[in-house]
Amino acid sequence: MRAVVQRVSEARVVVDGQSVGQIGVGFVVLLGVRRGDALEDAAYLARKIAGLRVFSDGEGKLNLSLAEVGGEVLVVSQFTLYADTRRGNRPGFSEAAAPDEGKRLYEQFCNLLAAQGLHVETGVFQAHMQVYLVNDGPVTILLDSSERQRPTRG
């Protein structure tokens, strides 16, 4: 799974002219699910995102997490994070999970974030969305569950 995490002062997502999710201070998470991803990938990213210390403390250092600042999360499905542009100019999306699998893991990811005590808002899976946000900093971080450290066998 891939996540583009943007620290925001506010954000909302609109579908068919209606606001379907809105947050104040927190993160907008654009989440892509890859073929073969599993619950462990969702759990890893949820833990990583909940623990990211990228909010300023009293000394102006990036030292506080979402929970410590009362932040919220707006999660938007983004299969285009798995665009393959190596051949030509028209991206291919064969690495992205099939819609049913992508939706299942997207929802599990959102539930895992909420289980950590975070307020989670979402877009609408597979809908055409407009995402409005004010990136604070700007702070933008790319996370990929394939880069997590796996236990070594000895």
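The values are calculated or read from the model by the stated rules, or taken from the named source; none is laboratory data. Predicted model, so just to flag it, every value in this text is computed and none were measured. Heads up, the Cβs are rebuilt from the backbone with ideal geometry, glycines too, and the neighbour counts pull from every protein chain shown. We work out accessible area using only protein heavy atoms, side chains counted, and drop any ligands, DNA or RNA first. Shrake-Rupley method; radii C 1.70, N 1.55, O 1.52, S 1.80 Å.
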TODO: Give, rounded to the nearest 20 debye, the magnitude of the charge dipole that segment 88-154 has about its Cα centre when Lys and Arg contribute +1 at Cβ and Asp and Glu contribute -1 at Cβ.
DONE: 240
TODO: Return the single residue from Gln108, Gln126, Gln22 with maximal mean-square fluctuation; model: Gaussian network over the chain, springs between Cα atoms under 10 Å.
DONE: Gln126
Open item on the list: At 1.4 Å probe size, with the rest of the protein present, what percent of the exposed accessible area of the chain is carbon and sulfur atoms?
Closed with: 46
- [ ] Determine the principal axes of the Cα atoms in segment 92-154, then give the extent along each, sorted from largest to smallest and rounded to whole angstroms.
- [x] 48, 32, 28
- [ ] Loop only per DSSP, at most 16 neighbouring Cβ atoms within 10 Å: give me the GluC sites (Glu not before Pro) in segment 70-154, ordered by residue number.
- [x] Glu95
TODO: Before anything else, pin down the relative contact order of segment 4-128: Cα pairs under 8 Å, at least 6 apart, normalised by residue count, whole percent.
DONE: 32
Task: Surface per residue (accessible, 1.4 Å probe) for the chain, Å² - done: 58
Task: Fraction in percent of alpha-carbon pairs per bin - 5 Å, segment 29-83 - done: 5, 16, 21, 21, 15, 12, 8, 2, 0
Task: Per-residue [θ]222 nm for the chain (sum of -39500 (n - 2.57) over DSSP H runs n ≥ 4, rounded to 500) - done: -6500 deg cm²/dmol
Open item on the list: Could you give me D for the chain, from Stokes-Einstein at 25 °C and 0.890 mPa s, where the hydrodynamic radius is the Kirkwood radius over C-alpha pairs? Units µm² s⁻¹, please.
Closed with: 153
Task: Pairwise centroid distance, computed over Cα atoms, of segment 4-56 with segment 78-154, Å - done: 8
Open item on the list: Could you compute how fast segment 50-111 diffuses translationally, taking Rh as the Kirkwood radius over C-alpha pairs and applying Stokes-Einstein at 25 °C with viscosity 0.890 mPa s? Give it in µm² per second.
Closed with: 169
TODO: Could you pull out the trypsin sites (Lys or Arg not before Pro) across segment 71-114 that fall in loop regions by DSSP (anything but H, G, I, E, B) with no more than 11 other Cβ atoms inside 10 Å?
DONE: Arg86, Arg87
- [ ] Set the Förster radius R0 to 41 Å, insert the Cβ-Cβ distance between Asp84 and Glu59 as r into 1/(1 + (r/R0)^6), and round the FRET efficiency to 0.05.
- [x] 0.40
Open item on the list: 7 Å from Cα along Cα→Cβ at both Glu68 and Val139: what's the point-to-point distance in nm?
Closed with: 1.0
Task: Length-normalised contact order for segment 13-84 - Cα pairs under 8 Å, 6+ apart - percent - done: 43
